[in-house]
Amino acid sequence: MYKKLYIKILLTFLLVFFSGTSITHENISHNIDIASGDKCVEPTDIMRAQHHIFLNKQSHDTVVDGIRTKKYSLNNCINCHIQPSADGTYPSVKSEEHFCSGCHIKAAAQVECFDCHASKPFNNVKIEEEISKK
Amino acid sequence: MKNLIRYKSIELDRKVFYPISIVFILLSMCFYAFVTLEHEGHWLTGMNNQIVWGIPHVFAIFLIVAASGILNIASISSVFGVSIYKPLSRLSGLLAIGLLVGGLMVLVLDLGRPDRLIVAMTTFNFKSIFAWNIFLYTGFLFIVVIYLWMMFEGRYNKFVQQVGMFAYAWRIILTTGTGSIFGFLVAKEAYDSAILAPLFIAMSLLFGTAIFIQAIYYIKTTFDVNTEEIIFKRLKKLMLYFILAVFYFTILYHLTNLYATTHHDYEFFLLFEGNIYTYLFWIGQILIGTLLPLYLVSSKKFYNCWNTLLLSSLLVIIGGFVQLYVIIISGQAFPLDIFPGYIESSSFGDGEVAKYIPSIYEFMLGFGGIAIALAIFVLGILSLEFIPDSLDDERLQS
Amino acid sequence: MKKYEIKLDRRNFLKNSVSVGLVTIAPGVFLQEIAHGRSLDEPASDKIRWGMLIDTNQCTEDCDACVTACNEEHGIEDFGRPTTDTQWIRKLNLTNEFTGKKYSLPIMCQHCENPPCVDVCPTGASFKRADGIVLVNKHTCIGCRYCMMSCPYKARSFVHENLENQLPHAPRGKGCVESCNLCVHKIDNGENNTACAEACVKDGHQAILFGDLNDPKSEISKQLSEFGAKEIRSDLGLNTAVRYRGI
């Protein structure tokens with residue numbers, strides 16, 4: 001007796017749930033703004049698809065083995081990609097001006113990194129030096 | 001002789017309105033509490049760096065322990081062949097699933113990072129009893145589902161005994177695992193004892209039976225199931241045995257601790273100091289949770305009275321909550337003895353009995369567990385035939 | 001003819017006084033175990049076992065330089081809620097019940113060889129690194145707080161509130177459990193010392209000594225073999241890396 005109702009509810013649910021998946025990687029503009037140095041540690045298309053893989057591996061290597069190479073280090077990414085605005089303040093990670101949040105908010109793929117990690121650089125780092133170490 | 005017991009499911013009518021509305025209210029409270037704690041953090045609760053597990057865990061462990069014990073009714077019929085309980089096995093299985101899911105939900109919602117549930121279910125450290133418990137609890141759900149399937153499907157009824165025995169063994173291991181969460185902790189004076197495992201097994205049998213009595217009474221009166229004397233008498237006897245079992249393990253636990261001088265600090269704190277835990281223990285656990293129900297189920301004055309059995313099972317449930325509260329909270333509130341023979345003080349509460357004032361959020365989370373258990377129960381009896389249409393004597397003797 | 005002439009001209013006077021001066025300062029400098037640092041891509045090895053020796057004779061009740069240094073190093077904020085605020089290191093004031101003598105000492109994660117917190121963690125987030133440091137992998141921690149129940153030293157803290165402005169070398173966040181990690185970020189970067197030990201020396205007390213327990217030539221090993229030290233709650237058989245002297 002309730003079968004028709006169940007089917008209607010199920011179809012509505014599926015429709016609503018899957019309607020958001022029209023965003024592909026290509027649609028999102030990346031707003032890359034590397035102020036110093038001219039390129040990232042990996043080519044853009046590889047970074048786009050695999051940055052989480054690099055970060056995951058690095059997180060394991062750093063925490064468990066104490067390996068702190070700079071290439072895939074999150075702090076190194078932040079030192080380069082997060083640049084202050086004209087008045088010297090850094091964008092909040094909750095806003096789309098932040099390099100990571102710019103895409104992650106649009107794609108509604110929440111990252112938990114910045115629950116714990118600093119979302120802005122604290123020290124003056126010689127960025128050219130880091131990139132040239134690749 | 002053919003099995004004459006028929007089962008029925010209930011209609012979606014006004015009678016179900018009351019439990020469903022209770023579920024809705026409690027679940028909304030739980031949802032609100034969970035969202036608030038997720039956003040603000042645990043500083044809103046009464047839990048802190050000394051009392052790390054609080055009211056939500058009391059609720060969760062009560063529900064999980066009761067879930068294991070409530071399946072005992074089905075086990076008595078399948079494993080021990082007491083056919084009188086056979087018509088009640090299906091309900092026993094359904095309630096076991098409901099209570100366990102409710103308890104697990106409260107545990108998960110209280111985690112510091114519940115978004116990492118997937119991590120908890122895929123990354124394991126097998127030296128941890130907690131990790132084993134994750135398998136034991138989810139496995140239990142799976143086994144009870146199979147158990148129910150064997151009961152429902154006529155052609156598989158012949159497997160009920162084997163699956164029942166497997167479920168029985170699994171229950172014992174599961175409840176041992178739950179008791180061992182505390183029993184394996186060397187750091188705290190109140191824990192670090194193997195006796196906590198059998199104590200928890202006895203508690204599971206007691207709480208499960210008490211909740212089952214409440215459920216049976218509700219079904220009997222709401223859905224017109226003609227229940228005869230023998231069920232009432234057997235359930236009363238079970239309550240008597242299980243109250244005595246819990247009492248025995250409690251006495252043994254405290255007696256052993258009182259004997260060992262090294263445990264005196266904690267025991268005297270709990271039993272004689274006159275703080276909140278002393279009152280909870282003597283009045284809540286012993287008087288209300290043990291002695292009074294014991295009197296009610298064994299006295300000849302109340303021989304035939306359903307109401308007395310109901311009252312004693314309610315007192316047992318209250319006493320059970322208090323007992324778990326005393327075990328979980330007082331064990332943590334009592335300060336660690338880092339330097340035996342020294343008086344300690346620090347900025348981190350060393351040497352002091354920690355204060356615990358539960359917040360409303362913790363109760364709301366706990367209520368959510370009860371709501372889920374009730375919801376599963378109601379959904380079950382609505383959709384499938386769990387309720388026996390009659391429990392009168394002639395049919396039960398067959 | 002062996003005759004030692006003391007040449008008291010200016011050159012020799014300067015040479016001698018400078019070398020005497022250096023020899024005087026040197027123990028203070030080398031006490032900080034500036035051994036060869038590990039390179040960034042080298043994993044931690046079990047050839048090293050990091051540990052600490054705390055000399056309670058040097059510790060005074062009114063000093064908490066180590067606590068302040070640790071809080072500053074890791075960006076630990078004071079929210080005014082002492083029961084829920086994080087404390088990685090704390091000063092413990094003791095009075096012997098029998099003799100009445102008073103002691104003051106810092107206590108933190110003892111970095112046991114057989115840590116109960118590692119045993120009980122369901123996901124394995126609480127783990128012991130190859131070089132003996134016991135820490136929480138906050139990527140895997142689900143915040144169940146079981147490790148906090150199991151620690152005999154109350155070393156662990158749970159982060160009860162949202163944190164902002166974390167320091168890049170000390171990621172910490174709400175919902176995870178944390179404790180003293182022997183300044184692992186400094187060790188991995190080659191500065192083989194902890195913030196608390198450095199602050200103690202700077203404050204003039206030298207109560208905290210950090211070093212490699214596996215190296216018999218390290219200052220900590222030498223002091224341990226000369227003066228001995230105690231393990232707190234040694235009855236539990238945890239074989240801690242932090243040892244205490246003078247109690």
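Each reported figure results from applying straightforward, stated rules to the coordinates on display, with no laboratory input. Only a predicted model underlies this, so the values are computations on that prediction, with no experimental measurement involved. Note: ideal-geometry Cβ built from the backbone for every residue, glycine included; neighbour counts use all protein chains shown.
Determine, for B:Phe184, A:Phe122, the number of other Cβ atoms within 10 Å of each Cβ, and report the residues in order from fewest to most. Present the calculation step by step, with values, prior to reporting the outcome.
Details: B:Phe184 22, A:Phe122 16.
With the sparsest Cβ surroundings first, the list reads A:Phe122, B:Phe184.
For the charge dipole of the stretch B:229-276, defined by +1 on Lys and Arg C-beta atoms and -1 on Asp and Glu C-beta atoms about the Cα centroid, which residue among B:Leu240, B:Leu252, B:Phe272 has the Cα displaced farthest towards the positive pole?
In the stretch B:229-276, that residue is B:Leu240.
Would you mind checking which residues have amide H under 5 Å from C:Arg243's amide H? H placed 1.01 Å from N; only 5 or more apart, or other chain.
Residues meeting the amide H criterion: C:Met52, C:Leu53, C:Ile54.
Rounding to the nearest 10 and keeping the result within 0 to 90°, find how far the Cα-based axis of helix C:10-30 lies from the longest principal axis of chain C.
It works out to around 20 degrees.
Taking the stretch B:275-398 on its own, what percent of its Cα-Cα pair distances exceed 25 Å? Please report the intermediate quantities before stating the final value.
Details: 4131 of 7626 pairs.
Percentage above 25 Å: 54.
Within 10 Å of each Cβ in C:93-102, how many Cβ atoms from other chains are there, averaged over the peptide?
Numbers: counts 8, 10, 6, 4, 5, 2, 2, 1, 1, 2.
Mean inter-chain Cβ contacts per residue within 10 Å come to 4.
Put +1 on the Cβ of each Lys and Arg and -1 on the Cβ of each Asp and Glu in chain C; which of C:Val118, C:Leu209, C:Pro168 then has its Cα farthest toward the positive end of the dipole?
Of C:Val118, C:Leu209, C:Pro168, it is C:Leu209.
Arrange B:Arg155, C:Arg49 by Cβ neighbour counts within 10 Å, fewest through most, would you?
On the way: B:Arg155 7, C:Arg49 17.
With the fewest neighbours first, B:Arg155, C:Arg49 line up as B:Arg155, C:Arg49.
Could you tell me the largest-minus-smallest coordinate of the C-alpha atoms of the stretch C:73-174 on each of the three principal axes, in descending order and whole angstroms?
Taking the Cα atoms of the stretch C:73-174, the three principal extents are 47, 33, 24 Å.
Obtain the nm distance between the two label points defined at B:Arg234 and A:Ile46 by a simple spin-label model: each point lies 7 Å from its Cα along the Cα-to-C-beta direction.
7.1
Using the number of other C-beta atoms within 10 angstrom as an exposure proxy, rank A:Lys120, A:Lys8 with the fewest first.
Details: A:Lys120 19, A:Lys8 10.
Starting with the residue having the fewest Cβ neighbours, the order is A:Lys8, A:Lys120.
Could you tell me which of B:Ser312, A:Phe54, B:Ile73 has its Cα farthest along the dipole of the protein assembly as shown towards the positive end, charges placed at Cβ (Lys, Arg +1; Asp, Glu -1), taken about the Cα centre?
Selected residue: B:Ile73.
Give me the Å³ per residue figure for the convex hull around the C-alpha atoms of the stretch C:160-247.
Details: hull volume 14.0 nm³, N = 88.
Given the Cα convex hull of the stretch C:160-247, per-residue volume reads 159 Å³.
Name the residues whose placed amide hydrogens come within less than 5 Å of the amide hydrogen of C:Leu167, ignoring near sequence neighbours (fewer than 5 apart) on the same chain.
none
Sequence neighbours fewer than 8 away in the same chain don't count; with that in mind, list the lysines whose C-alpha is under 26 Å from C:Lys217.
Partners found: C:Lys47, C:Lys128, C:Lys186, C:Lys202, C:Lys230.
Considering only DSSP beta bridges where both residues belong to the stretch C:46-245, give the percentage that are antiparallel (nearest 5). If you can, show how the numbers build up before the last one.
Details: 19 of 23 bridges.
Here the share of antiparallel DSSP bridges comes out near 85 percent.
Do the sum for chain C: with -39,500 (n - 2.57) for every DSSP H run of n ≥ 4, divided by all residues, what is the mean residue ellipticity at 222 nm, to the nearest 500 deg cm²/dmol? Write out the running numbers ahead of the final one.
Details: 7 runs with 63 residues, N = 247.
After summing the helix terms and dividing by residue count, I get -7000 deg cm²/dmol.
Among B:Ile387, B:Ile357, B:Ile231, determine the one that fluctuates most according to a GNM of chain B built with springs between C-alpha atoms less than 10 Å apart.
Fluctuation is largest for B:Ile357.
Using 0.36 nm per residue of separation minus the Cα-Cα distance, give me the extension gain between A:Ala108 and A:Lys94 in nm, one decimal.
The A:Ala108-A:Lys94 span can extend by a further 3.8 nm.
For the Cα atoms of chain B, what angle does the longest principal axis make with the long axis of helix B:89-110, in degrees from 0 to 90, nearest 10?
30
For B:Tyr342, which sequence-distant residues (separation of 5 or more, or a different chain) have an amide H within less than 5 Å of its own amide H, given hydrogens modelled in the peptide plane?
Long-range HN contacts for B:Tyr342: C:Glu97.
In the Gaussian network model of chain C, springs joining C-alpha atoms below 10 Å, which of C:Lys217, C:Lys230, C:Lys154 carries the largest mean-square fluctuation?
Highest fluctuation of the listed residues: C:Lys217.
Let a ≥ b ≥ c be the square roots of the eigenvalues of the Cα gyration tensor of the protein assembly as shown; is it rounded (a/c under 1.5), or, if not, prolate (a/b larger than b/c) or oblate?
Details: a/c = 2.82, a/b = 1.61, b/c = 1.75.
Oblate is the answer for the protein assembly as shown, as a/c is 1.5 or above yet b/c matches or exceeds a/b.
Please turn the phi angles of the stretch C:233-245 into ³J(HN,Hα) values with the Karplus equation 6.51 cos²θ - 1.76 cosθ + 1.60 (θ = phi - 60°), one per residue in order, whole Hz, x for glycine and proline.
Calculated HN-Hα couplings, in order: 6, 5, 5, 7, x, 8, 6, 6, 8, 9, 10, 10, 10 Hz.
Of the beta bridges DSSP finds with both residues in the protein assembly as shown, what % are antiparallel, to the nearest 5?
Values: 26 of 32 bridges.
If we restrict to bridges inside the protein assembly as shown, about 80 percent are antiparallel.
Compute the distribution of all C-alpha to C-alpha distances in the stretch C:46-245, in bins of 10 Å from 0, and list the percent of pairs in each, rounded to whole numbers.
Taking every Cα pair in the stretch C:46-245, the percentages come to 8, 36, 39, 15, 2.
Just counting partner chain Cβ atoms within 10 Å, what average do the residues of peptide B:329-342 show around their Cβ?
Working: counts 0, 0, 1, 2, 0, 0, 1, 5, 2, 9, 12, 4, 5, 12.
The shielding value for this peptide is 4.
When Lys and Arg each count +1 and Asp and Glu each count -1, what net charge do the other residues less than 15 Å away from B:Glu40, Cβ to Cβ, add up to? Please list the in-between numbers first.
Working: positive: B:Arg113, C:Arg81, C:Lys174; negative: A:Asp115, B:Glu38, B:Asp110, B:Glu362, C:Glu161, C:Glu164.
Neighbour charge sum, excluding B:Glu40 itself: -3.
Tabulate in residue order the Karplus-calculated ³J(HN,Hα) for the stretch B:234-242, using 6.51 cos²θ - 1.76 cosθ + 1.60 with θ = phi - 60°, rounded to whole Hz; enter x for Gly and Pro.
Couplings: 5, 5, 4, 5, 4, 4, 4, 4, 6 Hz.
Treat every Asp and Glu Cβ in the stretch C:46-245 as -1 and every Lys and Arg Cβ as +1, leave all other atoms uncharged, and give the resulting dipole magnitude about the Cα centre to the nearest 20 debye.
On the way: 23 positive and 27 negative charges, 99 e Å.
Approximately 480 debye in magnitude.
With n ≥ 4 as the cut-off for DSSP H runs, can you work out [θ] at 222 nm for chain B, using -39500 (n - 2.57) per run divided by the number of residues, rounded to the nearest 500?
On the way: 15 runs with 251 residues, N = 398.
Result for chain B: -21000 deg cm²/dmol, rounded to the nearest 500.
So, with +1 on the Cβ of K and R and -1 on the Cβ of D and E, and no other charges, what is the size of the charge dipole of chain B about its Cα centre, to the nearest 20 debye?
On the way: 23 positive and 25 negative charges, 308 e Å.
Around 1480 debye, computed over chain B.
I'd like the Karplus ³J(HN,Hα) series for the stretch B:300-315: coefficients 6.51, -1.76, 1.60, θ = phi - 60°, whole numbers in Hz, and an x wherever there's a Gly or Pro.
These are the phi-based 3J(HN,Hα) values: 6, 5, 10, 4, 10, 9, 4, 4, 5, 4, 4, 4, 5, 5, 5, 4 Hz.
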